[in-house]
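What follows is calculated from the coordinates using simple rules that are stated; it is not laboratory data. These numbers were taken from a predicted model, which means no experiment stands behind them. Cβ placement follows ideal geometry from the backbone for every residue including glycine, while neighbour counts extend to all protein chains displayed.
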Amino acid sequence: MEPFTNHRGLIATLDRANVDTDAIIPKQFLKSIKRTGFGESLFFDWRYQQDGSPNPEFELNLPEFSGASILVTKNNFGCGSSREHAVWAVMQYGFRVILAPRKELDGSSIPAFADIFRNNSVKNGLLTIELGEAEVNAIFDAVARFKNVEATIDLDEQRVVLHLDEEEAFHFEIDPVVKKHLLHGLDDIALTLEHIDAIDAFEQNHNVQIPARG
C-alpha cells in the first residue's frame, strides 16, 4: 500500500448526503474477481445516461472537476452494503482523499462516513477526513466561488489547506493507529509481516513437519 504523507490536488464537490455503496459502485459491476477496472464505473447510474454517454448534469462530469483527486461531499458517505469495491472504485477513479462533515440533528450525531466504508478505506490507503459541518460548507462555498480550487492535505500535521488568495486551513482529528498505518503504508498484510519472526517460530514449534525458512 502506498504511504500517505502530503497530497495536493484539485477539489471536486458532490453535494449529496447518504451516498450508499450501490450508488458508488452498482451491484452489476461486482462480478469481477479482479481488483482493477472499477474507476470507470464509479457513480455509474449518475455519471452516464441510458445511451452510455456522460450525463452533463452530474457534478463529476463538469469540466472544472476533471482530474480532481480530493472529493468533498456530505454526511454518511459510504452507507449501505459492506462491499470493498466501493473504495476500489473511488481510488481507481483518481481520488486520494474524501472529506465529509459530521452532522448534528435533533440531538443525534450523523457520522461523516459509514463505519465499514471508513475501515475499508484505511485498508486500501484512502484517507477519509471528518470535518465540522461549517468547515465543509466553507469548502463548498470556496469551490462555488472560484474555479480550480486546490488543497493540500498534510496527514502528519492533520491539516487541510485551501489554496485561495488568502489560504484557509482546517485541523482534523484522526485515530493515531489509523494515522500510523496510512503514513507508513501498512495494510493488513504488511502489519502481519511485521511479526514474521514470531509467526515462523510458532509454525516451527507447532508443527515439526514445516521446514525452517531460509
In Hz, Karplus ³J(HN,Hα) per residue of the stretch 102-111 (6.51, -1.76, 1.60; θ = phi - 60°; x = Gly, Pro)
7, 10, 9, 9, 6, x, 10, 10, 9, x
How much length is gained on full extension from Ala144 to Lys27, taking 0.36 nm per residue of separation minus their Cα-Cα distance?
38.9 nm
Computed [θ] at 222 nm, deg cm²/dmol, the chain (DSSP H ≥ 4; -39,500 (n - 2.57); rounded to nearest 500)
-8500 deg cm²/dmol
Of Lys123/Lys179; Lys123/Lys180; Lys74/Lys180, which pairs sit farther than 20 Å apart, going by alpha carbon to alpha carbon?
Lys74/Lys180
Within a 10 angstrom radius of the beta carbon, how do Ser108, Ser121 rank from fewest other beta carbons to most?
Ser108, Ser121
In the chain, what percentage of the DSSP-assigned beta bridges are antiparallel, given to the nearest 5?
55 percent
Averaging over every viewing direction, what projected area does the convex hull of the Cα atoms of the stretch 1-87 cover, in nm²?
6.8 nm²
Rounded to the nearest Å, what's the spacing between the alpha carbon centres of the stretch 53-69 and the stretch 104-182? Just the number, please.
21 Å
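In percent, how large is the relative contact order of the stretch 79-163, given Cα pairs closer than 8 Å and 6 or more residues apart?
26 percent
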Using a simple spin-label model with points 7 Å from Cα along the Cα→Cβ vector, what separation in nm is obtained for Arg35 and Leu62?
3.3 nm
Whichever aspartates and glutamates have a C-alpha closer than 16 Å to that of Lys34, once near sequence neighbours (fewer than 8 apart) are set aside
Glu84
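How large is the Kirkwood hydrodynamic radius of the stretch 6-185, in angstrom, based on all distinct alpha carbon pairs?
Computed over Cα pairs of the stretch 6-185, the Kirkwood hydrodynamic radius comes out at 16.6 Å.
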